[in-house]
Every structure is written in C-alpha cells, then in structure tokens.
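Reading through the structure tokens given below for one structure.
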Amino acid sequence: MKVHTLFINLGNVAMTEKPTATIHRQLLEILSQLPKSSQEEVLDFAISLQKKKLTQHWDAISDVEAAALKTEFANEDLAFAESVLTDYLSQLQQEDTV
C-alpha cells in the first residue's frame, strides 16, 4: 500500500523524539507534495489508526467494567422502551377511536 511507503519514508527522517509541531510540519510538507488521491489514502490510514486506538482502549477494559456497562445500558434501554410503550398504547387507542 502506498500509504505504508510514505510512513516508511518518514522513518528515514531521523525519527528521534520530536516536538509535535515539528512532526506536524513535516507531515504537512510531505502531504502537500502528494497528489490528492494519495492524500486521501493517508487520511484514511490516519482515521483507521484512530479507530484502532479507540478499539484497543475498549478491549482493554476489565470483565467487571464490561459487565457494569452492559447492565447500565440494559437498564437504560429497558427504561426507554417502557416509556415509549406507555405512550404507544395510548396512541393506538386514540387511533382506534378515529
């Protein structure tokens, strides 16, 4: 994939600890030289990295935390469904009288 080649080439640019501003500047310089289609590939790759990081964070929660979230979401879903169904029954009864 072309995107990987871009980041491999970045590795040739002495990748010691650099300030974020320096990294941003270097990325912008390289990106500005690429055609639009390659820029879009780099964007897609960056978005996939971000999603991967979010997924890894979610996967890193403990079973206890996951169970607590599952219970919380289930309770919220049930409360919402019950509130909607209460209104739904009265709406059905009104439609029947029309």
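Identify, by number, the condition in (1) modelled with pLDDT of 90 or more; (2) of a type in the set (S, T, N, Q); (3) surrounded by 10 or more Cβ atoms within 10 Å (Cβ to Cβ) that residue 33 doesn't meet.
(3) is the only condition that residue 33 fails.
Output the residues belonging to region 45-61 that are open to solvent by less than 100 Å² (accessible area, probe 1.4 Å) and under 21 Å from residue 31 (Cβ atoms).
Hits for region 45-61 are 45, 46, 47, 48, 49.
Residues 64, 42: which one is open to solvent by 100 Å² or more (accessible area, probe 1.4 Å) and β-branched (Val, Ile, Thr)?
The conditions single out 64.
The values are calculated or read from the model by the stated rules, or taken from the named source; none is laboratory data. Just so it is clear, the model here is predicted, and its values are computed rather than measured. Counting neighbours? That spans all protein chains shown, and the Cβs are built from the backbone with ideal geometry, glycine included. Just the protein is used for accessible areas: all its heavy atoms, side chains included, with ligands, DNA and RNA removed. Shrake-Rupley method; radii C 1.70, N 1.55, O 1.52, S 1.80 Å.
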